[in-house]
Amino acid sequence: MVIVILGILAAIAVPRFIDLRSDAEKATAKGVAGAIVSSASMLHAQYVLKSSDYSLGTTAGAANQIVANANISGGPQVLSANTALSVVAGGATNSSSLITLTVGSNPYTLILTLNDTLGPKVTYNF
């Protein structure tokens, strides 16, 4: 009887735990995206208060204020952004960039939009 009960529990529990890794990776990717948007929001607040420019470079290795100020380190890596984004004092810039980051071995993409009046916004593609 105990073996039957354990078998039923295993049949129910195993499928739920199999997909936990992909859920955890997606949550990590969303956390990194949140750090990027948080950093961009702080830079946008400086832009509003002091009229100071801010930007996102085209690669993780480039001069890249938003990613650098997000203090991302460890496992997740920002691979690239396909478009350099910037908000410049005195000149309205409303543009989007597709950012690719990797968590574990899986790439995730998100779209970061910088708007000179509304601030940064992120859209997840996962």
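What are the residues in the range 101-126 that are open to solvent by 30 Å² or more (accessible area, probe 1.4 Å), in contact with a strand residue (DSSP E or B) (Cβ under 7 Å, 6 or more places away or on another chain), in a strand (DSSP E or B) and closer than 23 Å to Thr28 by Cβ, if any?
Answer for the range 101-126, where residues must be open to solvent by 30 Å² or more (accessible area, probe 1.4 Å), in contact with a strand residue (DSSP E or B) (Cβ under 7 Å, 6 or more places away or on another chain), in a strand (DSSP E or B) and closer than 23 Å to Thr28 by Cβ: Pro107, Thr109, Ile111, Thr113, Lys121, Val122, Thr123, Tyr124.
Quick one: count up the residues across the range 2-32 that are at pLDDT below 85 and either touching a Cys at 6+ places or on another chain (Cβ under 9 Å) or open to solvent by 90 Å² or more (accessible area, probe 1.4 Å) (or both).
Looking only at that region, the number is 6.
Conditions first: (1) in contact with a strand residue (DSSP E or B) (Cβ under 7 Å, 6 or more places away or on another chain); (2) exposed (fewer than 13 other Cβ atoms within 10 Å of the Cβ); (3) not charged (D, E, K, R). Ala40 passes all but one, so which condition is the exception?
(2)
The values are calculated or read from the model by the stated rules, or taken from the named source; none is laboratory data. Just so it is clear, the model here is predicted, and its values are computed rather than measured. Neighbour counts are summed over all protein chains in view; Cβ atoms, including those assigned to glycine, are modelled from backbone coordinates with ideal geometry. These area figures cover heavy atoms from the full protein model, side chains too; ligands, DNA and RNA do not enter into them. Shrake-Rupley method; radii C 1.70, N 1.55, O 1.52, S 1.80 Å.
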